[in-house]
Amino acid sequence: MTAIPTRPQRLRVRLTAAALGMVRGGHPWVFASSVLETNRVGYAGELAVIYDRQDRFLAVGLYDPTSPIRVRILHAGKPLDLNDNWWQKRAQTAINKRADLFKADTTGYRLIHGESDGWPGLVLDRYGDTLALKIYTPAWFPWLERVTRWIGACAKHDRLILRLSRNIQGMDQTDKKWEDGMMLDGNLPSSPVLFLEQGLTFEADVVRGQKTGFFLDQRENRMEVARLADGRSVLNAFSFSGGFSVHAARGGAVAVTDLDISAHALSAARRNMALNRASPAVSACRHEVIQANAFDWLEASRDKFGMVILDPPALAKRASERSGALHAYERLAGLGADRLDPNGILVAGSCSSQVSANEFFRAVRKAAGRSGKRFQEMATRFHPGDHPAGFKEAEYLKMIYLRRVG
Ligand code: SAH
């Protein structure tokens, strides 16, 4: 078992008054700039104890010397021993929250959603009998064998695969080498992992794919698109593996076009459509794929669609990119609006946590207003239940639906 090396003393951390207030208020992050003092050098994955100004226990969290998020809070309040039972219960609580969210026709969903479920920097997704665990901080490396046991005890599976966020691949670890795509439990899948979403079948590339292999967070928007797609021709820009298109096809779309810069994504989109040919609506729907930069293609195209979906990758990854991203969202929405039939629907999304829902919606509305056509706002949508956002920085997903009315 990988153990955290024994240190002479527990790692103790002192914080600024403002940061103490944040932790008291339940915020899960302590930034390096808020740390006044530690009693010694800390290692990734150690438990760090935060004391208040009267030297009373305030919180305990995972220490990460490599990240600006220096401590990720696990527990705040009364002193507590984080033993196996405590961890096990924490995993079970997250998993129980999903127990009533899905019927048997949906077997792909998130079981643990990071901070918002009390597991900072860690997510766990289910794809049928396959579980994918993804970590975003090296602080979890020394815990992975225990995490595997805790998950094993409360989520049935045939295999559990480990995914590492790009920024932690190749980082120094403890005494074991953890690699992106390795199995923590069970055997590597011999064929693509299949799962169901509302009775439709999809493959997920759990070993190499983006996120953990599929954009599970867009499930409810896919369902909404299916409800609106009847009789329409749909352009699915930034399609990835075509999730929106398959749902639109079953919803009665006459044609769907997947547009993505990645040939790999478009091959998956073809396979996902083929996996659902048993549905008469899907087999009746024309399917086309286009490999191109969506901005360039939209700019050059003269084609018109009954629905345009714009779901780009996060255009602002850091605060400094915010205003550039807002311009890009606005430009994209304008290009999308230009491609709509008179009664067409624009579905525009953002997954940048750096861009707030209000500023994103404002950018899209502005673009629609400038397009010279009239639009009516149909809906806005946010996080689904299996991806709860427990604090402001965790809010990333927003979507707006506009209908062209003139
Ligand atoms: N809508 C998808 C998820 C989109 S992820 C779903 O629901 O599953 C973002 C996708 O945008 C990726 O597949 C990526 O390959 C693609 N992409 C990134 N930049 C692009 C660009 N400039 N033009 C077209 N596609 C792009």
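On the given criteria, is Val225 more than 16 Å from the ligand (Cβ to nearest atom) and either within 20 Å of Ala281 (Cβ to Cβ) or not assigned by TED's automatic domain parsing to the domain that holds Lys97 (or both)?
Numbers: more than 16 Å from the ligand (Cβ to nearest atom): no; either within 20 Å of Ala281 (Cβ to Cβ) or not assigned by TED's automatic domain parsing to the domain that holds Lys97 (or both): yes.
The answer is no for Val225.
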(Q) Would you confirm, using the coordinates I've provided, whether Gly181 is more than 30 Å from Val256 (Cα to Cα) and either within 16 Å of the ligand (Cβ to nearest atom) or surrounded by fewer than 19 Cβ atoms within 10 Å (Cβ to Cβ) (or both)? (A) yes
Q: Please find, among Arg381, Arg362, Arg370, Arg322, the residue that is more than 25 Å from the chain's Cα centre (by Cα) and either farther than 30 Å from Tyr109 by Cβ or in contact (Cβ under 8 Å) with a residue 12 or more places away in the chain (or both).
A: Arg370
Q) Restricting attention to segment 260-313, which residues are assigned to a strand (DSSP E or B), more than 18 Å from Asp205 (Cβ to Cβ) and open to solvent by less than 60 Å² (accessible area, probe 1.4 Å)? A) His287, Ile290, Phe305, Gly306, Met307, Val308, Ile309, Leu310
Q.
Tell me yes or no: at least one residue of segment 164-179 is under 29 Å from Asp303 (Cα atoms) and part of a helix (DSSP H, G or I).
A. no
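Would it be correct to say that Gly324 is more than 9 Å from the ligand (Cβ to nearest atom), surrounded by fewer than 15 Cβ atoms within 10 Å (Cβ to Cβ), at pLDDT 95 or above and part of a helix (DSSP H, G or I)?
Values: more than 9 Å from the ligand (Cβ to nearest atom): yes; surrounded by fewer than 15 Cβ atoms within 10 Å (Cβ to Cβ): yes; at pLDDT 95 or above: yes; part of a helix (DSSP H, G or I): yes.
It is true that Gly324 is more than 9 Å from the ligand (Cβ to nearest atom), surrounded by fewer than 15 Cβ atoms within 10 Å (Cβ to Cβ), at pLDDT 95 or above and part of a helix (DSSP H, G or I).
Any idea which of Ala204, Ala237, Ala255, Ala263 is of a type in the set (A, V, I, L, M) and away from the ligand (no atom under 12 Å from the Cβ)? Walk me through it before giving the result.
Numbers: Ala204 fails: away from the ligand (no atom under 12 Å from the Cβ); Ala237 fails: away from the ligand (no atom under 12 Å from the Cβ); Ala263 fails: away from the ligand (no atom under 12 Å from the Cβ).
Matching residue, one of Ala204, Ala237, Ala255, Ala263: Ala255.
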**Q.** Residue list for segment 91-114, restricted to those being surrounded by fewer than 19 Cβ atoms within 10 Å (Cβ to Cβ) and outside any loop (DSSP other than H, G, I, E, B)
**A.** Gln92, Thr93, Ile95, Asn96, Lys97
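Would you confirm, using the coordinates I've provided, whether Gln210 is within 28 Å of Asp129 (Cα to Cα), within 12 Å of the ligand (Cβ to nearest atom) and out of contact with any helix residue (DSSP H, G or I) (no Cβ under 8 Å at 6 or more places or on another chain)? So that I can check it myself, show each step before the final result.
Details: within 28 Å of Asp129 (Cα to Cα): yes; within 12 Å of the ligand (Cβ to nearest atom): yes; out of contact with any helix residue (DSSP H, G or I) (no Cβ under 8 Å at 6 or more places or on another chain): yes.
Criteria met by Gln210.
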Q | Any chance Leu298 is within 16 Å of the ligand (Cβ to nearest atom) and in contact with a Lys or Arg (Cβ under 8 Å, 6 or more places away or on another chain) | A | yes
Q.
Out of Ala316, Ala348, Ala249, I need the residue that is in a strand (DSSP E or B), open to solvent by less than 10 Å² (accessible area, probe 1.4 Å) and within 16 Å of the ligand (Cβ to nearest atom). Which one?
A. Ala348
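The values are calculated or read from the model by the stated rules, or taken from the named source; none is laboratory data. As the structure is a prediction and not an experimental result, all values here were calculated from the model. With ideal geometry, Cβ positions are generated from the backbone for all residues, glycine too; neighbour counts draw on all protein chains shown. These area figures cover heavy atoms from the full protein model, side chains too; ligands, DNA and RNA do not enter into them. Shrake-Rupley method; radii C 1.70, N 1.55, O 1.52, S 1.80 Å.
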